């Protein structure tokens, strides 16, 4: 075999960066050296792996197949080192984790703090992504553990565990026509402008699906990337929004916005943990999984 881990790492980096030049910069290596290694891979495998365009490079069909297998192999090599390091005193290792904005904002800060207090030599690499990307990253072994909202039932290669429950509330500016409302539903809000999260977020998807079932448009005036920005936009009178109650509570104490309970069943949401296979998790990831499920 003439495949080596360095060439595979550089190949994965080129695909992820979309450019040999950017991959060279991020890996502190000359672009010509990367091009040479890619050419050697193509010669060994007797097939083109990249298509070069004026915007960079994209994987061929063979390149896409190699990308997935390379990630698996490289993760296994990394896991060997992490696994052997766990034989030294104390639990060691690193855990790759992806989660949606609700899990990161509501539950993970306290849980990760208590976990890392118990295991200070463990590193947790946490990245925020929308739920569909979380499922993809765990499925493709890019991440060890993921947290999503309302995991679909057809996650064929993933194990799904219940995590937490949160409850959405409508937040409005002070003095808004809906600010003192009671016993209303989502349908009663659709004549007003909304402030939403970024495209693909679980809350946005739920709002669009609910509006579509009612055959009503959703007047999404502004989209933001986090709950703090959503609160600021609502506070300034640019629209109303949906937010988990636990996240809204500090803002409610400041008395600058109002929270209204909506009667729709989908306002209560289930968050789930997803992994590929618990038997494949190293000790650090397994300990974190158990911690997340029991605290």
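The values are calculated or read from the model by the stated rules, or taken from the named source; none is laboratory data. What you see is a predicted model; the values in this text were computed from it and never measured. Using ideal geometry, Cβ is built from the backbone for each residue, glycine included, and neighbour counts are taken over all protein chains shown.
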Check your understanding: Could you say whether any residue in region 219-226 is in contact (Cβ under 8 Å) with a residue 60 or more places away in the chain, under 22 Å from the mean Cα position of the chain (by Cα), buried (at least 21 other Cβ atoms within 10 Å of the Cβ) and outside the structural domain of residue 102 (by TED's automatic domain parsing)?
Key -> no
Practice item. Take the residues in region 201-218 that are without any contact (Cβ under 8 Å) to a residue 60 or more places away in the chain and assigned to a loop (DSSP other than H, G, I, E, B), then tell me which one is nearest to residue 266 (Cα to Cα). Key: 214
**Study point:** Sole residue being more than 18 Å from residue 103 (Cα to Cα) and in contact with a strand residue (DSSP E or B) (Cβ under 8 Å, 6 or more places away or on another chain), chosen from 235, 265, 209
**Key:** 235
Study note, to complete from the structure: Exactly one of 280, 263 is modelled with pLDDT under 90 and surrounded by fewer than 17 Cβ atoms within 10 Å (Cβ to Cβ), and that one is 280
Review point. Has region 189-200 got any residue that is modelled with pLDDT of 95 or more, part of a helix (DSSP H, G or I), surrounded by 15 or more Cβ atoms within 10 Å (Cβ to Cβ) and at negative phi?
Key: yes
**Study point:** Residues located in region 165-181, provided they are farther than 19 Å from residue 217 by Cα, in contact (Cβ under 8 Å) with a residue 24 or more places away in the chain and not in a strand (DSSP E or B)
**Key:** 174, 176, 179, 180, 181
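Mind telling me which of the residues 10, 3 ends up being surrounded by 14 or more Cβ atoms within 10 Å (Cβ to Cβ) and modelled with pLDDT of 90 or more? First the steps, then the outcome.
Values: 3 fails: modelled with pLDDT of 90 or more.
From the options 10, 3, the qualifying one is 10.
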Check your understanding: If only one of 73, 58 is under 25 Å from the mean Cα position of the chain (by Cα), modelled with pLDDT of 90 or more, over 30 Å from residue 224 (Cβ atoms) and not assigned by TED's automatic domain parsing to the domain that holds residue 124, which one is it?
Key -> 58
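Of 177, 162, which residue is surrounded by fewer than 16 Cβ atoms within 10 Å (Cβ to Cβ) and under 27 Å from the mean Cα position of the chain (by Cα)? Steps first, please.
Details: 177 fails: under 27 Å from the mean Cα position of the chain (by Cα).
Going through 177, 162 in turn, just one is surrounded by fewer than 16 Cβ atoms within 10 Å (Cβ to Cβ) and under 27 Å from the mean Cα position of the chain (by Cα): 162.
For residue 151, indicate whether it is assigned to a loop (DSSP other than H, G, I, E, B), modelled with pLDDT under 95, surrounded by 14 or more Cβ atoms within 10 Å (Cβ to Cβ) and assigned by TED's automatic domain parsing to the domain that holds residue 195.
Working: assigned to a loop (DSSP other than H, G, I, E, B): yes; modelled with pLDDT under 95: yes; surrounded by 14 or more Cβ atoms within 10 Å (Cβ to Cβ): yes; assigned by TED's automatic domain parsing to the domain that holds residue 195: no.
No.
If you check residue 3 against the conditions, is it outside any helix (DSSP H, G or I) and closer than 23 Å to residue 76 by Cβ?
Values: outside any helix (DSSP H, G or I): yes; closer than 23 Å to residue 76 by Cβ: yes.
Yes: the conditions hold for residue 3.
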Check your understanding: without any contact (Cβ under 8 Å) to a residue 12 or more places away in the chain, part of a helix (DSSP H, G or I) and farther than 17 Å from residue 270 by Cα: does that describe residue 71?
Key -> no
